[in-house]
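Quick notes on the structure that follows.
Each reported figure results from applying straightforward, stated rules to the coordinates on display, with no laboratory input. Note that the coordinates shown come from a computational prediction; the quantities given were computed from them, not determined experimentally. Glycine gets a Cβ as well: all are built from the backbone with ideal geometry, and neighbour counts include every protein chain shown.
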Amino acid sequence: MFHTDRAPDFKTVLIASGVVLTLAMGVRHGLGFWLQPISQAHGWTRETFSLAIAMQNLMWGAIGPFAGMACDRFGTARMIVLGAFLYAGGLLWMALVDQPTLFVVGSGVLIGAALACTAFGAISGIVGRSAPPEKRSWAFGISSAAGSFGQFMMMPVEQQLISLAGWQQAFFWLAALVLVLMLPMALRLKEPPLALAAHGQSIGEAIREAFGHRPFQLLVAGYFVCGFQVVFIGAHLPSYLKDKGIMDPNVAVIALALIGLFNIFGSYYAGKLGGLMPKRFLLAGIYLSRSVAIALFLAAPLSAWSVYLFAAAMGVLWLSTVPLTNGIVAGIFGVKHLSMLSGFVFFSHQVGSFLGVWLGGWLFTRQGSYDTVWAITLGLGIFATLINLPVREQAIARPLAAR
């Protein structure tokens with residue numbers, strides 16, 4: 001059902017995986033709009049909802065390597081089918097469960113597992129295996145741009161669903177949309193011939209090789225920062241703006257949509273440039289630019305236009321780390337275990353995501369502001385700039401495997 005003896009059409013793989021990423025990332029990026037309505041409806045502090053989103057990100061990262069192993073071994077299509085049902089179940093759980101612990105754990109596991117099966121880690125393997133080597137970095141850029149388009153497209157959709165149907169009914173509509181769009185796309189994802197066949201390097205050998213390689217360790221450390229920054233901003237920016245006196249909800253909607261819009265271009269050109277110049281320099285430049293953008297945003301007088309400018313700048317830099325990081329991993333280790341290795345790198349990203357979104361809510365509850373978390377976000381950007389510079393991108397030598 002999911003395999004073919006013929007080489008898959010590369011464009012078909014890009015389109016089908018792009019639709020899946022558009023929806024998976026678009027729905028996920030908009031969950032911050034539910035923070036205040038759910039907290040008010042259940043009488044919770046912001047910490048409870050923040051912990052639920054943090055748990056989703058942590059489970060996404062923890063399950064990601066195993067979902068990647070399954071994608072590499074059994075095919076990406078099967079995992080997307082599973083992920084679609086998990087995603088729909090998680091959204092329904094968030095709509096119906098009003099007990100804090102059950103809400104946090106259930107939505108965390110269901111949506112976290114769903115994202116592990118449908119987002120970048122899972123998709124990277126089939127994209128990398130289907131793309132010609134000379135177009136691989138560009139193809140990763142296209143995939144990242146699809147995730148960014150989902151944010152741009154789904155932000156106003158989710159906000160309008162909440163406004164017109166209520167926060168609870170909005171979850172029902174999104175669950176139906178996930179199933180209607182993701183399941184047909186999964187059937188279009190055909191693995192390249194022999195891509196799933198066994199070869200000399202086992203899963204255990206691939207893991208030991210990667211974690212024993214210094215550039216991989218540096219990528220894992222640097223990717224932690226990406227997760228911390230983007231998830232803190234994505235989840236808490238709407239509430240931060242209200243706290244600072246910008247009460248029009250459309251400002252936050254437009255800001256998050258602008259992040260998605262500008263990252264379409266940022267991701268695409270990051271992937272394109274990654275095929276022309278050292279990816280480590282591009283990664284370092286992205287993290288440094290993020291720190292500059294955050295510092296200017298915090299220092300400037302706050303207005304709708306300052307928010308839009310900040311969102312546009314961050315949008316260019318938002319997911320542009322993804323094609324570069326996946327490109328480095330593929331270039332060093334090859335594509336056979338790419339989904340799994342990308343999943344391990346992404347786990348670090350999601351540990352950062354967990355801390356970013358949870359720490360935002362935890363410190364706000366205790367300090368009444370986001371000032372400390374903004375300072376941490378700024379400092380981590382400098383750290384990531386420095387940690388990516390020593391990464392070497394040469395393909396690893398495997399003399400035993402070659403013999």
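Taking the Cα centre of the chain as origin and assigning +1 to Lys and Arg Cβ atoms and -1 to Asp and Glu Cβ atoms, the resulting dipole is close to 920 debye. Result for the chain in a Gaussian network model with C-alpha springs under 10 Å: among Gly334, Gly18, Gly204, the largest mean-square fluctuation is at Gly204. Going 7 Å from the Cα of Thr365 toward and past its Cβ, which residues in the range 101-141 have a backbone nitrogen under 12 Å from where you end up? It comes to 101, nothing else.
Let me make sure I get this right: for the range 47-93, a, b and c are the square roots of the gyration tensor eigenvalues over alpha carbons, sorted descending. Under 1.5 in a/c it's rounded, otherwise prolate if a/b > b/c, else oblate. Which is it? The shape class here is oblate. As a proxy for reagent exposure, ranking Leu261, Leu378, Leu324, Leu189 by other Cβ atoms within 10 Å from fewest up yields Leu378, Leu261, Leu189, Leu324.
Straight-line reach from Lys336: which lysines have a Cα under 23 Å away, not including same-chain ones fewer than 8 places off? List returned: Lys11, Lys135, Lys190, Lys272, Lys279.
Anisotropy class assigned to the range 199-239 is prolate, per the alpha carbon gyration tensor with a/c at or over the 1.5 cut-off and a/b larger than b/c. Between the beta carbons of Val292 and Phe211, assuming R0 = 35 Å, the FRET efficiency works out to 0.60 to the nearest 0.05.
Under the simplified labelling scheme, the Leu181-Ala375 pair shows an inter-label distance of 4.1 nm, with each label point 7 Å from Cα along Cα→Cβ. Axis angle, to the nearest 10 degrees, between helix 10-29 and the longest C-alpha principal axis of the chain: 30 degrees. By the count of neighbouring beta-carbon atoms within 10 Å, fewest first, Phe120, Phe333, Phe281 end up ordered Phe281, Phe333, Phe120. Can you give the FRET efficiency for Asn250 and Met153, using 1/(1 + (r/R0)^6), R0 = 25 Å, r = Cβ-Cβ distance, to the nearest 0.05? Step by step, r from the Cβ atoms, then E = 0.95.
A full extension of the chain between Asp98 and Ser202 corresponds to an added length of 33.0 nm, given 0.36 nm per residue minus the alpha carbon distance. For P(r) over Cα pairs in 20 Å bins from 0, in percent, the choices are [x] 29, 63, 8, 0; [y] 30, 59, 11, 0; [z] 25, 52, 21, 2; which was calculated from the structure? Here the calculated entry is [y].
The distance from the alpha carbon centre of the range 68-96 to that of the range 223-277 is 25 Å, rounded to a whole number. In the elastic network of the chain, a GNM with C-alpha springs shorter than 10 Å, the most mobile of Gln36, Gln56, Gln367 is Gln367. Give the residues of the range 322-364 whose amide nitrogen is closer than 15 Å to a point set 7 Å from the Cα of Ala221 in the direction of its Cβ. In the range 322-364, the label zone of Ala221 (backbone N under 15 Å from the point 7 Å along Cα→Cβ) covers 348-349. Taking the convex hull of the alpha carbon positions in the range 31-126 and averaging its projected area over all directions gives 5.6 nm². Note on Phe383/Ala299: beta-carbon distance plugged into 1/(1 + (r/R0)^6) with R0 of 25 Å gives a FRET efficiency of 0.75. Prolate is the label for the range 110-207, because a/c, from the alpha-carbon gyration tensor with a ≥ b ≥ c as root eigenvalues, is 1.5 or above and a/b exceeds b/c.
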